[in-house]
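Okay, so here's the structure we're looking at.
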2 protein chains.
Amino acid sequence: MRMSQLAQEAGLPTATVKYYLREGLLHEGRLTSPTQAHYDETHVERLRLIRALVGPAGQSIASTRRILAAIADPPSELDLLGIAHDAVTPRYPAELPTDRARQVVEGLGWNSAHCAPSTLGALQEALDGLEAGGFELSDETLERYASAMMVVAADEIAEIPTDSAEAAARFVILGTVLVEPLLLALRRLAQQTASAQRFSGSRQSG
Amino acid sequence: MRMSQLAQEAGLPTATVKYYLREGLLHEGRLTSPTQAHYDETHVERLRLIRALVGPAGQSIASTRRILAAIADPPSELDLLGIAHDAVTPRYPAELPTDRARQVVEGLGWNSAHCAPSTLGALQEALDGLEAGGFELSDETLERYASAMMVVAADEIAEIPTDSAEAAARFVILGTVLVEPLLLALRRLAQQTASAQRFSGSRQSG
(Lines give C-alpha, C1' and ligand atoms only; values in the text may rest on other atoms or scores of the structure.)
Protein backbone atom coordinates (compact mmCIF):
# COMPACT_ATOMS: atom_id res chain seq x y z
CA MET A 1 0.00 0.00 0.00
CA ARG A 2 1.04 3.63 -0.41
CA MET A 3 1.85 6.08 2.36
CA SER A 4 -1.61 7.69 2.32
CA GLN A 5 -3.32 4.31 2.72
CA LEU A 6 -0.87 3.26 5.44
CA ALA A 7 -1.70 6.40 7.39
CA GLN A 8 -5.40 5.72 7.00
CA GLU A 9 -5.07 2.07 8.09
CA ALA A 10 -3.14 3.12 11.20
CA GLY A 11 -5.55 5.96 11.97
CA LEU A 12 -2.79 8.58 11.91
CA PRO A 13 -2.17 11.77 9.90
CA THR A 14 0.33 11.27 7.06
CA ALA A 15 2.61 13.90 8.61
CA THR A 16 2.82 11.80 11.80
CA VAL A 17 3.73 8.66 9.85
CA LYS A 18 6.47 10.62 8.03
CA TYR A 19 7.72 11.89 11.39
CA TYR A 20 7.99 8.33 12.77
CA LEU A 21 9.85 7.32 9.59
CA ARG A 22 12.31 10.21 9.98
CA GLU A 23 12.79 9.40 13.67
CA GLY A 24 13.58 5.80 12.76
CA LEU A 25 10.67 4.36 14.76
CA LEU A 26 9.07 2.97 11.61
CA HIS A 27 11.11 0.89 9.14
CA GLU A 28 11.41 2.15 5.55
CA GLY A 29 9.04 0.81 2.89
CA ARG A 30 10.15 -1.04 -0.24
CA LEU A 31 11.01 1.46 -2.99
CA THR A 32 8.90 0.88 -6.13
CA SER A 33 10.26 3.97 -7.87
CA PRO A 34 12.82 6.61 -6.83
CA THR A 35 10.04 8.69 -5.25
CA GLN A 36 7.55 6.06 -4.14
CA ALA A 37 7.61 3.34 -1.49
CA HIS A 38 5.37 0.39 -0.82
CA TYR A 39 4.26 -0.44 2.75
CA ASP A 40 2.74 -3.65 4.12
CA GLU A 41 1.03 -5.13 7.19
CA THR A 42 4.26 -5.01 9.22
CA HIS A 43 4.16 -1.22 8.91
CA VAL A 44 0.54 -1.06 10.06
CA GLU A 45 1.30 -3.26 13.06
CA ARG A 46 4.37 -1.26 13.97
CA LEU A 47 2.39 2.00 13.81
CA ARG A 48 -0.28 0.54 16.12
CA LEU A 49 2.42 -0.38 18.61
CA ILE A 50 4.00 3.09 18.39
CA ARG A 51 0.57 4.67 18.98
CA ALA A 52 0.06 2.53 22.07
CA LEU A 53 3.47 3.45 23.44
CA VAL A 54 3.33 7.20 22.88
CA GLY A 55 -0.40 7.35 23.72
CA PRO A 56 -1.77 5.47 26.76
CA ALA A 57 1.67 4.37 27.95
CA GLY A 58 2.93 7.98 27.82
CA GLN A 59 6.36 7.13 26.42
CA SER A 60 8.60 9.74 24.80
CA ILE A 61 9.96 9.29 21.26
CA ALA A 62 13.40 8.48 22.69
CA SER A 63 11.98 5.91 25.08
CA THR A 64 9.81 4.40 22.33
CA ARG A 65 12.94 4.03 20.18
CA ARG A 66 14.73 2.18 23.02
CA ILE A 67 11.72 -0.08 23.56
CA LEU A 68 11.40 -0.97 19.87
CA ALA A 69 15.13 -1.61 19.60
CA ALA A 70 15.03 -3.92 22.62
CA ILE A 71 12.13 -5.90 21.14
CA ALA A 72 13.91 -6.23 17.79
CA ASP A 73 17.22 -7.29 19.33
CA PRO A 74 16.41 -8.77 22.71
CA PRO A 75 18.93 -9.26 25.51
CA SER A 76 18.65 -12.00 28.17
CA GLU A 77 15.56 -12.33 30.38
CA LEU A 78 17.03 -10.58 33.39
CA ASP A 79 18.27 -7.65 31.32
CA LEU A 80 14.90 -7.42 29.55
CA LEU A 81 13.22 -6.40 32.78
CA GLY A 82 15.96 -3.85 33.35
CA ILE A 83 15.40 -2.32 29.91
CA ALA A 84 11.62 -2.32 30.28
CA HIS A 85 11.88 -0.74 33.69
CA ASP A 86 14.50 1.78 32.67
CA ALA A 87 12.23 2.77 29.77
CA VAL A 88 9.48 3.73 32.19
CA THR A 89 11.79 5.26 34.81
CA PRO A 90 14.54 6.92 32.83
CA ARG A 91 15.03 10.00 34.94
CA TYR A 92 16.57 8.91 38.24
CA PRO A 93 20.15 10.07 38.61
CA ALA A 94 22.59 7.43 39.82
CA GLU A 95 23.60 9.70 42.69
CA LEU A 96 20.08 9.77 44.24
CA PRO A 97 20.47 8.16 47.68
CA THR A 98 18.19 5.12 47.91
CA ASP A 99 18.84 4.03 51.49
CA ARG A 100 15.20 4.18 52.54
CA ALA A 101 14.07 2.32 49.39
CA ARG A 102 16.60 -0.45 50.05
CA GLN A 103 15.48 -0.65 53.66
CA VAL A 104 11.82 -1.01 52.57
CA VAL A 105 12.70 -3.69 50.01
CA GLU A 106 14.72 -5.69 52.52
CA GLY A 107 11.94 -5.22 55.10
CA LEU A 108 9.58 -6.92 52.65
CA GLY A 109 11.91 -9.91 52.51
CA TRP A 110 13.03 -9.10 48.97
CA ASN A 111 16.71 -8.92 47.99
CA SER A 112 17.71 -5.40 47.00
CA ALA A 113 20.70 -6.83 45.10
CA HIS A 114 18.19 -8.15 42.53
CA CYS A 115 16.61 -4.73 42.09
CA ALA A 116 17.45 -2.27 39.31
CA PRO A 117 18.97 0.99 40.60
CA SER A 118 16.49 3.03 38.53
CA THR A 119 13.54 1.22 40.13
CA LEU A 120 14.97 1.71 43.62
CA GLY A 121 15.26 5.40 42.63
CA ALA A 122 11.59 5.41 41.62
CA LEU A 123 10.59 3.84 44.94
CA GLN A 124 12.72 6.33 46.85
CA GLU A 125 11.14 9.24 44.99
CA ALA A 126 7.64 7.88 45.67
CA LEU A 127 8.45 7.51 49.39
CA ASP A 128 9.94 11.04 49.48
CA GLY A 129 6.83 12.36 47.75
CA LEU A 130 4.53 10.77 50.33
CA GLU A 131 6.63 12.20 53.14
CA ALA A 132 6.72 15.66 51.56
CA GLY A 133 2.94 15.53 51.17
CA GLY A 134 2.58 14.70 54.85
CA PHE A 135 1.00 11.38 53.89
CA GLU A 136 1.99 8.82 56.49
CA LEU A 137 2.10 5.24 55.32
CA SER A 138 2.18 2.55 58.02
CA ASP A 139 4.45 -0.48 57.57
CA GLU A 140 1.26 -2.54 57.46
CA THR A 141 -0.13 -0.54 54.52
CA LEU A 142 3.19 -0.74 52.70
CA GLU A 143 3.23 -4.52 53.15
CA ARG A 144 -0.33 -4.74 51.88
CA TYR A 145 0.60 -2.82 48.71
CA ALA A 146 3.74 -4.91 48.23
CA SER A 147 1.98 -8.24 48.63
CA ALA A 148 -0.80 -7.22 46.22
CA MET A 149 1.88 -6.29 43.68
CA MET A 150 3.77 -9.55 44.29
CA VAL A 151 0.61 -11.59 43.62
CA VAL A 152 0.39 -9.85 40.25
CA ALA A 153 4.11 -9.92 39.48
CA ALA A 154 4.72 -13.58 40.34
CA ASP A 155 2.13 -14.69 37.76
CA GLU A 156 3.49 -12.25 35.18
CA ILE A 157 7.02 -13.56 35.51
CA ALA A 158 5.81 -17.18 35.45
CA GLU A 159 4.10 -16.44 32.12
CA ILE A 160 7.15 -15.02 30.30
CA PRO A 161 7.42 -17.15 27.17
CA THR A 162 10.80 -18.82 26.72
CA ASP A 163 10.36 -20.17 23.17
CA SER A 164 11.85 -17.11 21.50
CA ALA A 165 13.83 -14.13 22.72
CA GLU A 166 11.63 -11.77 20.71
CA ALA A 167 8.44 -13.16 22.25
CA ALA A 168 9.96 -12.79 25.71
CA ALA A 169 11.05 -9.21 25.00
CA ARG A 170 7.64 -8.27 23.67
CA PHE A 171 5.90 -9.81 26.67
CA VAL A 172 8.13 -8.20 29.30
CA ILE A 173 8.43 -4.74 27.78
CA LEU A 174 4.83 -4.30 26.66
CA GLY A 175 3.64 -6.02 29.84
CA THR A 176 5.41 -3.28 31.76
CA VAL A 177 4.54 -0.15 29.81
CA LEU A 178 1.06 -1.10 28.57
CA VAL A 179 -0.19 -2.80 31.76
CA GLU A 180 0.75 0.07 34.11
CA PRO A 181 -2.06 2.38 32.89
CA LEU A 182 -4.45 -0.59 33.15
CA LEU A 183 -3.51 -1.26 36.78
CA LEU A 184 -3.93 2.39 37.74
CA ALA A 185 -7.33 2.59 36.03
CA LEU A 186 -8.44 -0.60 37.79
CA ARG A 187 -7.32 0.75 41.18
CA ARG A 188 -9.32 3.93 40.67
CA LEU A 189 -12.40 2.00 39.54
CA ALA A 190 -12.03 -0.34 42.53
CA GLN A 191 -11.85 2.70 44.81
CA GLN A 192 -14.97 4.18 43.23
CA THR A 193 -16.76 0.85 43.67
CA ALA A 194 -15.66 0.50 47.31
CA SER A 195 -16.52 4.14 47.96
CA ALA A 196 -20.04 3.71 46.60
CA GLN A 197 -20.43 0.80 49.01
CA ARG A 198 -19.11 2.70 52.04
CA PHE A 199 -20.78 6.03 51.35
CA SER A 200 -23.88 4.54 49.76
CA GLY A 201 -26.37 7.20 48.90
CA SER A 202 -27.18 9.46 45.98
CA ARG A 203 -25.33 7.54 43.27
CA GLN A 204 -26.60 4.04 44.29
CA SER A 205 -28.57 2.67 41.39
CA GLY A 206 -29.86 -0.72 42.51
CA MET B 1 11.11 34.22 57.44
CA ARG B 2 12.02 36.02 54.24
CA MET B 3 11.66 34.69 50.70
CA SER B 4 15.29 33.60 50.44
CA GLN B 5 15.07 31.58 53.65
CA LEU B 6 11.73 30.08 52.61
CA ALA B 7 13.28 28.91 49.34
CA GLN B 8 16.18 27.38 51.23
CA GLU B 9 13.91 25.60 53.74
CA ALA B 10 11.86 24.13 50.90
CA GLY B 11 14.93 23.16 48.90
CA LEU B 12 13.84 25.20 45.87
CA PRO B 13 15.39 28.05 43.87
CA THR B 14 13.92 31.47 44.75
CA ALA B 15 12.74 31.88 41.15
CA THR B 16 10.65 28.71 41.47
CA VAL B 17 9.03 29.91 44.70
CA LYS B 18 8.19 33.21 43.00
CA TYR B 19 6.71 31.28 40.08
CA TYR B 20 4.44 29.26 42.40
CA LEU B 21 3.36 32.53 44.07
CA ARG B 22 2.52 34.09 40.70
CA GLU B 23 0.64 30.95 39.62
CA GLY B 24 -1.40 31.09 42.83
CA LEU B 25 -0.22 27.68 44.07
CA LEU B 26 1.42 29.26 47.11
CA HIS B 27 -0.50 31.69 49.32
CA GLU B 28 0.89 35.22 49.72
CA GLY B 29 3.06 36.05 52.73
CA ARG B 30 2.20 38.70 55.34
CA LEU B 31 3.45 42.10 54.14
CA THR B 32 5.86 43.66 56.64
CA SER B 33 6.65 46.60 54.36
CA PRO B 34 5.42 47.62 50.91
CA THR B 35 8.22 45.58 49.32
CA GLN B 36 8.78 42.79 51.80
CA ALA B 37 6.71 39.83 52.94
CA HIS B 38 7.04 37.41 55.82
CA TYR B 39 6.54 33.66 55.33
CA ASP B 40 5.93 30.95 57.91
CA GLU B 41 5.79 27.17 58.35
CA THR B 42 2.53 26.91 56.38
CA HIS B 43 4.43 28.17 53.34
CA VAL B 44 7.20 25.62 53.81
CA GLU B 45 4.67 22.81 54.12
CA ARG B 46 2.74 23.96 51.10
CA LEU B 47 5.93 24.10 49.02
CA ARG B 48 6.81 20.54 50.05
CA LEU B 49 3.38 19.39 48.92
CA ILE B 50 3.71 21.23 45.59
CA ARG B 51 7.12 19.63 45.05
CA ALA B 52 5.66 16.17 45.65
CA LEU B 53 2.80 16.83 43.23
CA VAL B 54 4.81 18.27 40.36
CA GLY B 55 7.76 15.91 41.00
CA PRO B 56 7.14 12.20 41.70
CA ALA B 57 3.40 12.44 41.04
CA GLY B 58 4.04 14.12 37.68
CA GLN B 59 1.17 16.62 37.93
CA SER B 60 0.99 19.72 35.76
CA ILE B 61 0.71 23.20 37.26
CA ALA B 62 -2.99 23.33 36.27
CA SER B 63 -3.69 19.95 37.83
CA THR B 64 -1.73 20.89 40.99
CA ARG B 65 -3.88 24.02 41.28
CA ARG B 66 -7.08 21.92 41.05
CA ILE B 67 -5.75 19.48 43.66
CA LEU B 68 -4.77 22.22 46.12
CA ALA B 69 -8.12 23.97 45.64
CA ALA B 70 -10.00 20.72 46.31
CA ILE B 71 -8.02 20.13 49.50
CA ALA B 72 -8.65 23.70 50.71
CA ASP B 73 -12.35 23.60 49.93
CA PRO B 74 -13.39 19.97 49.95
CA PRO B 75 -16.57 18.61 48.37
CA SER B 76 -18.39 15.48 49.60
CA GLU B 77 -16.61 12.11 49.85
CA LEU B 78 -17.94 10.72 46.60
CA ASP B 79 -17.03 13.85 44.65
CA LEU B 80 -13.58 13.88 46.23
CA LEU B 81 -12.67 10.65 44.48
CA GLY B 82 -13.97 12.11 41.24
CA ILE B 83 -11.76 15.18 41.63
CA ALA B 84 -8.72 13.17 42.62
CA HIS B 85 -9.24 10.81 39.71
CA ASP B 86 -9.96 13.58 37.23
CA ALA B 87 -6.73 15.24 38.34
CA VAL B 88 -4.72 12.19 37.34
CA THR B 89 -6.74 11.45 34.18
CA PRO B 90 -7.64 14.85 32.79
CA ARG B 91 -7.25 14.11 29.11
CA TYR B 92 -10.06 11.76 28.14
CA PRO B 93 -12.62 13.40 25.90
CA ALA B 94 -16.24 12.76 26.86
CA GLU B 95 -16.92 11.45 23.37
CA LEU B 96 -14.44 8.55 23.70
CA PRO B 97 -16.55 5.38 23.45
CA THR B 98 -16.10 3.33 26.62
CA ASP B 99 -18.23 0.29 25.76
CA ARG B 100 -15.44 -2.21 26.29
CA ALA B 101 -14.41 -0.57 29.58
CA ARG B 102 -18.00 -0.75 30.86
CA GLN B 103 -18.24 -4.37 29.79
CA VAL B 104 -15.02 -5.22 31.67
CA VAL B 105 -16.20 -3.39 34.80
CA GLU B 106 -19.58 -5.15 34.77
CA GLY B 107 -17.82 -8.47 34.09
CA LEU B 108 -15.88 -7.94 37.31
CA GLY B 109 -19.17 -7.59 39.20
CA TRP B 110 -18.65 -3.84 39.72
CA ASN B 111 -21.34 -1.31 38.88
CA SER B 112 -20.25 0.98 36.04
CA ALA B 113 -22.85 3.56 37.16
CA HIS B 114 -20.57 4.20 40.19
CA CYS B 115 -17.54 4.80 37.97
CA ALA B 116 -16.28 8.22 36.86
CA PRO B 117 -16.45 8.72 33.07
CA SER B 118 -12.82 9.89 33.00
CA THR B 119 -11.67 6.69 34.72
CA LEU B 120 -13.69 4.54 32.35
CA GLY B 121 -11.95 6.52 29.58
CA ALA B 122 -8.57 5.70 31.13
CA LEU B 123 -9.47 2.00 31.30
CA GLN B 124 -10.69 2.04 27.71
CA GLU B 125 -7.46 3.69 26.55
CA ALA B 126 -5.37 1.15 28.46
CA LEU B 127 -7.35 -1.73 26.89
CA ASP B 128 -7.02 -0.17 23.43
CA GLY B 129 -3.27 0.25 24.00
CA LEU B 130 -2.87 -3.42 24.92
CA GLU B 131 -4.83 -4.46 21.85
CA ALA B 132 -2.83 -2.12 19.58
CA GLY B 133 0.39 -3.56 20.99
CA GLY B 134 -0.82 -7.08 20.20
CA PHE B 135 -0.72 -7.89 23.91
CA GLU B 136 -3.49 -10.36 24.64
CA LEU B 137 -4.86 -10.30 28.15
CA SER B 138 -6.99 -13.26 29.20
CA ASP B 139 -10.13 -12.68 31.27
CA GLU B 140 -8.38 -14.62 34.02
CA THR B 141 -5.42 -12.21 34.05
CA LEU B 142 -7.72 -9.21 34.01
CA GLU B 143 -9.62 -10.60 36.99
CA ARG B 144 -6.37 -11.23 38.81
CA TYR B 145 -5.31 -7.59 38.31
CA ALA B 146 -8.73 -6.32 39.34
CA SER B 147 -8.91 -8.37 42.50
CA ALA B 148 -5.39 -7.33 43.54
CA MET B 149 -6.43 -3.70 43.06
CA MET B 150 -9.69 -4.25 44.97
CA VAL B 151 -7.77 -5.70 47.95
CA VAL B 152 -5.77 -2.46 48.02
CA ALA B 153 -8.69 -0.12 47.30
CA ALA B 154 -11.12 -1.59 49.83
CA ASP B 155 -8.69 -0.89 52.68
CA GLU B 156 -7.91 2.57 51.34
CA ILE B 157 -11.57 3.56 51.23
CA ALA B 158 -12.19 2.06 54.69
CA GLU B 159 -9.40 4.30 56.04
CA ILE B 160 -10.76 7.62 54.73
CA PRO B 161 -10.98 9.81 57.82
CA THR B 162 -14.45 11.26 58.43
CA ASP B 163 -13.62 13.69 61.25
CA SER B 164 -12.97 16.64 58.94
CA ALA B 165 -13.65 17.32 55.30
CA GLU B 166 -10.13 18.67 54.82
CA ALA B 167 -8.55 15.54 56.28
CA ALA B 168 -10.72 13.40 54.00
CA ALA B 169 -9.78 15.48 50.95
CA ARG B 170 -6.09 15.29 51.76
CA PHE B 171 -6.25 11.54 52.27
CA VAL B 172 -8.19 10.79 49.10
CA ILE B 173 -6.39 13.15 46.75
CA LEU B 174 -2.84 12.57 47.96
CA GLY B 175 -3.59 8.87 48.38
CA THR B 176 -4.40 8.81 44.68
CA VAL B 177 -1.64 10.91 43.15
CA LEU B 178 1.20 10.11 45.54
CA VAL B 179 0.50 6.39 45.97
CA GLU B 180 0.32 5.61 42.22
CA PRO B 181 4.09 5.98 41.66
CA LEU B 182 4.64 3.85 44.79
CA LEU B 183 2.46 1.03 43.48
CA LEU B 184 4.20 1.03 40.10
CA ALA B 185 7.64 0.99 41.71
CA LEU B 186 6.58 -1.90 43.98
CA ARG B 187 5.22 -3.87 41.00
CA ARG B 188 8.51 -3.49 39.14
CA LEU B 189 10.54 -4.47 42.20
CA ALA B 190 8.25 -7.47 42.76
CA GLN B 191 8.81 -8.48 39.12
CA GLN B 192 12.57 -8.17 39.53
CA THR B 193 12.41 -10.27 42.70
CA ALA B 194 10.22 -12.94 41.06
CA SER B 195 12.42 -12.88 37.95
CA ALA B 196 15.58 -13.47 39.99
CA GLN B 197 13.84 -16.49 41.52
CA ARG B 198 12.68 -17.92 38.17
CA PHE B 199 15.81 -17.19 36.18
CA SER B 200 18.19 -17.66 39.10
CA GLY B 201 21.76 -17.35 37.99
CA SER B 202 24.36 -14.67 37.65
CA ARG B 203 22.77 -12.07 39.92
CA GLN B 204 21.93 -14.46 42.79
CA SER B 205 23.84 -13.26 45.82
CA GLY B 206 23.07 -15.71 48.60
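The table below gives the values:
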item	result
Of residues in segment B:176-206 being open to solvent by 50 Å² or more (accessible area, probe 1.4 Å) and facing chain A (nearest Cβ under 7 Å), the one modelled with the highest pLDDT	B:198
Every residue from segment B:129-168 that is facing another protein chain (nearest Cβ under 7 Å) and among the acidic types (Asp, Glu)	B:155, B:156
Residue check, residue A:173 surrounded by fewer than 21 Cβ atoms within 10 Å (Cβ to Cβ), in contact with a helix residue (DSSP H, G or I) (Cβ under 9 Å, 6 or more places away or on another chain) and closer than 26 Å to residue B:134 by Cβ	no
Helices (runs of 4 or more DSSP H) wholly inside segment A:1-88 that include at least 3 residues being over 30 Å from residue A:115 (Cβ atoms) and open to solvent by less than 20 Å² (accessible area, probe 1.4 Å)	A:3-10, A:41-54
Among the candidates B:166, B:131, B:140, residue that is surrounded by fewer than 17 Cβ atoms within 10 Å (Cβ to Cβ), outside the structural domain of residue B:49 (by TED's automatic domain parsing), of a type outside the set (S, T, N, Q) and in contact (Cβ under 8 Å) with a residue 60 or more places away in the chain	B:166
Residues satisfying the stated conditions in segment B:133-163, i.e. polar (S, T, N, Q) and not in a helix (DSSP H, G or I)	B:138, B:162
Qualifying residue in segment A:98-116 (condition: within 30 Å of residue A:52 (Cα to Cα), at the interface with another protein chain (Cβ under 7 Å from one of its Cβ atoms) and within 16 Å of the chain's Cα centre (by Cα))	yes
Odd one out for residue B:9 among (1) modelled with pLDDT of 90 or more; (2) within 14 Å of chain A (Cβ to nearest Cβ); (3) touching a His at 6+ places or on another chain (Cβ under 8 Å)	(3)
Filter result for residue A:119 (of a type in the set (S, T, N, Q), modelled with pLDDT under 90 and either not in a helix (DSSP H, G or I) or not assigned by TED's automatic domain parsing to the domain that holds residue A:84 (or both))	no
Residue B:122 being crowded, with 18+ Cβ neighbours inside 10 Å, within 20 Å of residue B:97 (Cα to Cα) and in contact with a Gly (Cβ under 6 Å, 6 or more places away or on another chain)	no
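To keep it simple, each residue is scored yes or no on (1) within 23 Å of the chain's Cα centre (by Cα); (2) among the hydroxyl-bearing types (Ser, Thr, Tyr); (3) closer than 18 Å to residue B:133 by Cβ.
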residue	(1), (2), (3)
A:3	no, no, no
A:10	yes, no, yes
A:14	no, yes, no
A:19	yes, yes, no
A:26	yes, no, yes
A:39	no, yes, no
A:43	yes, no, yes
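The values are calculated or read from the model by the stated rules, or taken from the named source; none is laboratory data. For clarity, every value in this text was computed on a predicted model and none was experimentally measured. Ideal geometry is used to build each Cβ from the backbone, glycine not excepted, and the neighbour counts take in all protein chains shown. Side chains are part of the model used for accessible areas, which takes the heavy atoms of the whole protein and leaves out ligands, DNA and RNA. Shrake-Rupley method; radii C 1.70, N 1.55, O 1.52, S 1.80 Å.
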